[in-house]
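One structure is given here, and the rest of the page talks about it.
The values are calculated or read from the model by the stated rules, or taken from the named source; none is laboratory data. Just so it is clear, the structure is predicted and the values come from calculations on it, not from any experiment. We place every Cβ from the backbone using ideal geometry, glycine too, and count neighbours over all the protein chains shown.
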């Protein structure tokens, strides 16, 4: 049985205001916003999730199908199709990766469409066996060039990052890149570095993105498109966490924790690593206030720092010593 939070026990936290630069356009009465990126490329958002679509003579090419936007995806397509006198039929769907939040509305578009995705996306969707997320029919390994309805789309895989199958969807003739769940434009990552399965890959992904030539970024989250400046700000923020963690971890003496809590080793480790993360993140809220939203939400920022710290230790060997 679910319980309703009592208004007598709920205490609202006093979070910092969201910077205007982190907010996008208002959604309509149906809960979505649809806008043109360039020519026949459009994006849809509900303020938390994003997807994109191309209108072509061969039908609509949908880029991701977030569950929270759901049926509003088709409503947005209908709105554009009616205004421009083009087909509203989705005939193609391209997956950025396999996660249910970005692919959960796929089944709404039926079984008679062609779905594209990385070969690992197909493997993972077959494993998950979710009727809402049919596996892609067409796959690629490292790269694949598509030409559909006269439009060119370049699919690329540059290693695991947020997920094992994170794909770069590049539309060179529309000056646009779609890279999902790496940069939350104008916002900090959520828990554990956006739940990254590969921290070094995640940290490297923005630089890979910047090696493409584009002006518009569909990032999969939040209510606005991204720019190259947004990616640079994300890199700066994450880079500062990494640098601070290296400095604190290599200079901080945790001996007192291991002496005081023995034999409860997990208590010692928790106190040690949590304190390193707190010290590394302490300057961030003030430094990035007004520039990045939610930088004062400790559960997001500290868990991201812990996740990076564990990667520095376990992936890169920071502080790992061989016993003499």
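Odds and ends about this structure:
- The residues on offer are 31, 47, and the sole one that is more than 19 Å from the chain's Cα centre (by Cα) and on the phi > 0 side of the Ramachandran plot is 31.
- Looking across 66, 25, one residue alone is in a loop (DSSP other than H, G, I, E, B) and under 19 Å from residue 110 (Cβ atoms). It is 66.
- Filter result for residue 218 (closer than 21 Å to residue 305 by Cβ, within 14 Å of the chain's Cα centre (by Cα) and in the same structural domain as residue 48 (by TED's automatic domain parsing)): no
- Helices (runs of 4 or more DSSP H) enclosed by region 210-324 - at least 1 residues per element that are closer than 23 Å to residue 196 by Cα and out of contact with any strand residue (DSSP E or B) (no Cβ under 7 Å at 6 or more places or on another chain): 228-251, 265-281, 284-288, 298-314
- Checked against the criterion of being under 23 Å from residue 161 (Cα atoms) and outside the structural domain of residue 182 (by TED's automatic domain parsing), region 281-288 contains one or more residues that satisfy it.
- Breaking point among (1) under 22 Å from the mean Cα position of the chain (by Cα); (2) in contact (Cβ under 8 Å) with a residue 40 or more places away in the chain, for residue 57: (1)
Conditions tested, residue by residue: (1) touching a strand residue (DSSP E or B) at 6+ places or on another chain (Cβ under 7 Å); (2) in the same structural domain as residue 101 (by TED's automatic domain parsing); (3) loosely packed, with under 14 Cβ neighbours inside 10 Å.
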| residue | (1), (2), (3) |
| --- | --- |
| 15 | no, no, yes |
| 27 | yes, yes, no |
| 30 | no, yes, yes |
| 33 | yes, yes, no |
| 37 | yes, yes, no |
| 40 | yes, yes, no |
| 43 | yes, yes, no |
| 46 | no, yes, no |
| 53 | yes, yes, no |
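- Residue satisfying condition, being in a loop (DSSP other than H, G, I, E, B), farther than 18 Å from residue 184 by Cα and modelled with pLDDT of 95 or more, within set 30, 74: 30
- Within region 147-172, the set of residues being within 21 Å of residue 57 (Cβ to Cβ) and free of Cβ contacts under 8 Å to residues at least 40 places away in the same chain comprises 147, 152, 154.
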